[in-house]
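Just below is one structure, and these are the notes that go with it.
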Amino acid sequence: MDHSNLGGEKLNRTITIYSTRGGSGKTITSLGIGVTLAQKSYKTLIIDVDIEAPSLLHLLPPQSKKIQYWTDFLEKGTELELKSLMQPTKFENLDIIYSSSPKMGLRFLKGNADQWWEQALKHSLIAQKQFYEMGYDFIVLDNQSGTSMNSINNLILADISVLVVRPTNYGVGATELFIQELFRILKDMKPREDLFVWNQVPKVTKPQEKELLDKFITSWTKRLESMGLKHAASFPLDMMFNLQLLNDMVENAIFKDSEVGEKIEEFVDQYILNKK
Ligand SMILES: Nc1ncnc2c1ncn2[C@@H]1O[C@H](COP(=O)(O)OP(=O)(O)OP(=O)(O)O)[C@@H](O)[C@H]1O
Ligand SMILES: [Mg+2]
């Protein structure tokens with residue numbers, strides 16, 4: 001099926017998944033979005049741009065041992081054959097570009113870091129254009145948490161940004177300041193759709209617990225929306241989902257009988273593919 005020309009309009013989008021704090025669920029959300037799009041026959045590329053703490057190498061290991069990493073590309077640019085970066089996955093239509101654990105010798109840790117990152121952004125923009133030309137419909141960037149030159153670069157590339165936030169006081173409290181700072185930097189960049197999703201929302205049964213959670217979620221949703229972010233989904237804290245990951249069942253964990261998987265699919269339909 002060729003979806004690349006939906007309704008006469010070319011559907012190329014880069015989606016950057018980011019957060020203030022680590023462990024909020026960026027990687028799981030990125031993978032969920034990527035796998036869902038691929039299963040709907042969209043050619044999708046996930047890039048592990050979390051160069052300080054890459055996860056995909058372990059979560060969905062590449063089939064080949066000898067691979068080139070995104071970190072190599074940021075360093076070398078188009079000297080490096082772009083095709084050498086993409087690795088197929090067990091999911092049809094889904095490729096991944098991996099990052100390796102940081103090599104201490106990389107040039108970005110020395111010398112003029114700002115200049116290094118400027119160059120890295122130029123390389124990324126060229127690559128983004130070429131990935132679309134190669135036929136990818138969607139690029140999903142699994143960002144690193146917090147503000148850094150790297151995470152800002154990956155947000156500059158985005159058409160859709162998705163903030164993943166957990167319902168904890170310290171999590172969302174820090175996020176508010178982070179968003180203000182981030183949007184100040186990004187305000188004159190290309191138009192973006194800025195979304196946020198609650199993740200790891202505990203399932204509660206007792207009325208007092210429900211009231212406490214609802215109150216928290218409602219008031220913070222309002223606050224984040226007043227800052228220009230649109231609430232797009234809430235994914236439950238699903239311990240079985242996590243348990244399945246231990247068994248290396250990424251496919252099952254995300255798709256089979258998983259509430260997280262169901263919610264991610266709803267999110268993709270509504271906010272990425274704009275089906276109401
Ligand atoms: N909805 C969920 N239900 C249960 N467990 C979850 C859920 N979302 C994420 N997790 C678990 O929480 C942990 C952190 O998730 P993940 O690695 O996706 O976060 P991250 O934001 O990418 O972290 P990092 O900042 O380290 O890159 C993982 O063990 C993951 O399996
Ligand atoms: Mg991650």
Legend entry - Residue that is part of a loop (DSSP other than H, G, I, E, B) and over 16 Å from the mean Cα position of the chain (by Cα), where the choices are Ser24, Ser64: Ser64
Legend entry - Matching entry among Lys215, Lys263, Lys275 (being under 25 Å from Ile15 (Cβ atoms) and without any contact (Cβ under 8 Å) to a residue 24 or more places away in the chain): Lys275
Legend entry - Residues of the stretch 17-47 that turn out to be over 27 Å from Asp257 (Cβ atoms) and within 13 Å of ligand 1 (Cβ to nearest atom), as a count: 4
Inset, instruction - For Tyr271, work out the one condition from (1) out of contact with any Pro (no Cβ under 6 Å at 6 or more places or on another chain); (2) surrounded by 12 or more Cβ atoms within 10 Å (Cβ to Cβ); (3) closer than 27 Å to Leu57 by Cβ it doesn't fulfil. - result: (3)
Inset, instruction - Enumerate the pairs (first residue in the stretch 8-27 and at pLDDT 90 or above and of a type in the set (Phe, Trp, Tyr); second residue anywhere and assigned to a helix (DSSP H, G or I) and crowded, with 20+ Cβ neighbours inside 10 Å) with beta-carbon separation below 8 Å, excluding pairs fewer than 6 apart on the same chain, so at least 6 apart or on different chains. - result: Tyr18/Lys26; Tyr18/Ser151; Tyr18/Asn154; Tyr18/Leu155
Legend entry - Every residue from the stretch 133-165 that is among the aromatic types (Phe, Trp, Tyr) and assigned to a loop (DSSP other than H, G, I, E, B): Tyr136
Inset, instruction - Run down Leu186, Leu182, Leu229 and say which single residue is touching a Ser or Thr at 6+ places or on another chain (Cβ under 7 Å), surrounded by 15 or more Cβ atoms within 10 Å (Cβ to Cβ) and under 26 Å from Leu121 (Cα atoms). - result: Leu182
Inset, instruction - Output the number of the condition that Asn199 fails; it satisfies all remaining conditions of (1) buried (at least 19 other Cβ atoms within 10 Å of the Cβ); (2) under 21 Å from Phe267 (Cα atoms); (3) out of contact with any strand residue (DSSP E or B) (no Cβ under 7 Å at 6 or more places or on another chain). - result: (3)
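The values are calculated or read from the model by the stated rules, or taken from the named source; none is laboratory data. Please read these numbers as outputs of a predicted model, since none were measured by experiment. Please note: Cβ atoms are built from the backbone with ideal geometry, for glycine as well, and neighbour counts cover all protein chains shown.
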